[in-house]
Amino acid sequence: MPVVTRLIAPLFAPADDHGMSTAEYALCTVSAVAFAGVLYAILTSETVNEVLTALVVDALGSGV
């Protein structure tokens, strides 16, 4: 570990903070799953499907 890092690191992280606790891991996991569910719902909706299909058809039809 570089000397500068060893000197600066204690200023930004308390000595007793060694990472996330189990509750923080659980909260992050639940948040990630909820976000993935929202993205899935948005991307599988009929409106988004129509827009993406039109975009691909337009891109393929604009060739030479």
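The values are calculated or read from the model by the stated rules, or taken from the named source; none is laboratory data. Note that this is a predicted model, so its numbers are computed, not measured. Cβ coordinates were reconstructed from backbone atoms using ideal geometry, including for glycine residues, and neighbour counts include every protein chain displayed.
Annotations
- Entry remark, segment 19-64: residues being touching a helix residue (DSSP H, G or I) at 6+ places or on another chain (Cβ under 8 Å) and part of a helix (DSSP H, G or I) number 2 in total.
- Search result, residues across segment 13-54 that are at pLDDT 90 or above and over 18 Å from the mean Cα position of the chain (by Cα): THR44, SER45, GLU46, THR47, VAL48, ASN49, GLU50, VAL51, LEU52, THR53, ALA54
- Residues in segment 39-55 that are of a type outside the set (Asp, Glu) and either on the phi > 0 side of the Ramachandran plot or loosely packed, with under 10 Cβ neighbours inside 10 Å (or both): THR44, THR47.
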